[in-house]
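Step one of this worksheet: look at the structure below.
The values are calculated or read from the model by the stated rules, or taken from the named source; none is laboratory data. Given the structure is predicted, the values throughout are model-derived calculations rather than measurements. Heads up, the Cβs are rebuilt from the backbone with ideal geometry, glycines too, and the neighbour counts pull from every protein chain shown.
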Amino acid sequence: MTIAVLGATGMVGSRVITEARARGHRALALSRKPASGDPGVTPLAVDARDPHAVHTALTGSAPHGAADAVVLTVRTTPADRDFLVGATRTVLDAAARLGIRVLVVGGAGALRSPGDGGLLVADDPSYVPAEVRPVALAGVAQLDTCRGHAHTDWVFLCPPALLEPGERTGRYRRGTDTLLTAADGRSWISVEDLAVAVLDELEHPRGERVMTVVHEAARPCA
Ligand SMILES: NC(=O)c1ccc[n+]([C@@H]2O[C@H](COP(=O)([O-])OP(=O)(O)OC[C@H]3O[C@@H](n4cnc5c(N)ncnc54)[C@H](OP(=O)(O)O)[C@@H]3O)[C@@H](O)[C@H]2O)c1
């Protein structure tokens with residue numbers, strides 16, 4: 001596949017490109033200031049606020065051609081809800097015109113709280129303190145944008161509560177719309193293993209709209 005990653009220079013986007021390349025896929029690395037020395041990665045300077053630029057980048061050019069799928073991994077600091085919603089709509093619009101799949105890496109806030117399925121994590125102060133609630137709510141708005149869009153070929157991947165650079169183990173547990181907790185009691189995964197889950201889903205789509213993942217420990221040797 002040729003996989004476009006919008007947010008290619010970020011914590012998540014860079015690992016998705018590494019995982020994609022390790023599996024032999026080509027990558028289109030989209031961000032405002034992309035760079036790559038890998039001939040299998042085409043860096044394309046794109047501002048997610050520019051719908052024409054996003055569409056043109058996904059349409060592709062020699063040698064890698066058009067994207068077969070696009071992974072959206074943008075974010076701003078501080079969180080900008082309008083930017084996130086606008087970028088998501090722009091990618092969905094372009095993907096609809098090109099007939100390609102979208103995988104959005106969103107936030108844990110859009111998941112259901114494990115203690116109370118009627119409560120979103122974004123609204124649960126035991127997971128989301130008041131000072132980070134705007135970030136969580138921006139992610140909820142991003143998922144709402146996907147749900148309200150005419151393009152139906154998308155999947156929204158919510159990380160667990162903690163997502164940090166770490167080890168690529170290749171092991172993770174997958175769920176749908178409720179926050180998962182690992183065997184050690186923490187809701188976490190390494191970004192490297194999240195990227196494994198992204199590529200697994202792109203290669204073998206399960207047809208779920210919302211998915212989440214969590215670290216899975218190695219089984220002890222017998
Ligand atoms: N536990 C959780 O729920 C959790 C934890 C971490 C991350 N996340 C989510 O994972 C996703 C990725 O986060 P991250 O940590 O990888 O973010 P990050 O490291 O801050 O990277 C953000 C990316 O967005 C790009 N970007 C920002 N503004 C842009 C624009 N106008 N046009 C094009 N590209 C732009 C940046 O590239 P340039 O600056 O070069 O343009 C960069 O590649 C986000 O949705 C975030 O909310 C969730």
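Within the range 132-150, is even one residue over 18 Å from Leu92 (Cα atoms) and of a type in the set (Asp, Glu)? No: the range 132-150 contains no residue that is over 18 Å from Leu92 (Cα atoms) and of a type in the set (Asp, Glu). Arg147 passes every criterion in (1) more than 15 Å from the ligand (Cβ to nearest atom); (2) among the charged types (D, E, K, R); (3) more than 24 Å from Ala96 (Cα to Cα) apart from (3).
Condition check ((1) more than 10 Å from the ligand (Cβ to nearest atom); (2) among the basic types (Lys, Arg); (3) within 26 Å of Phe83 (Cβ to Cβ); (4) modelled with pLDDT of 95 or more) across all residues:
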position	(1), (2), (3), (4)
Gly10	no, no, yes, yes
Gly13	no, no, yes, yes
Val16	no, no, yes, yes
Leu58	yes, no, yes, yes
Ser61	yes, no, no, no
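Screening the range 25-81 for strands (runs of 3 or more DSSP E) wholly inside it with 3 or more residues that are within 18 Å of the chain's Cα centre (by Cα) returns the ranges 26-31, 69-72. If I filter the range 162-170 for residues that are in contact with an Asp or Glu (Cβ under 8 Å, 6 or more places away or on another chain), modelled with pLDDT of 95 or more, among the hydrophobic types (A, V, I, L, M, F, W, C) and part of a strand (DSSP E or B), do I get at least one hit? No, the range 162-170 contains no residue that is in contact with an Asp or Glu (Cβ under 8 Å, 6 or more places away or on another chain), modelled with pLDDT of 95 or more, among the hydrophobic types (A, V, I, L, M, F, W, C) and part of a strand (DSSP E or B).
Just so you know, in the range 104-118 the residues that are closer than 15 Å to Cys158 by Cβ and not small (Gly, Ala, Ser) include one that is surrounded by the most Cβ atoms within 10 Å (Cβ to Cβ), and it is Leu111.
Look at Arg21 and say whether it is under 26 Å from Gly148 (Cα atoms) and basic (Lys, Arg). No; evaluated as a whole, the condition is false for this residue.
Look at Thr152 and say whether it is in a helix (DSSP H, G or I) and either farther than 20 Å from Ser187 by Cα or not β-branched (Val, Ile, Thr) (or both). Taking the combined requirement at face value, the residue does not satisfy it.
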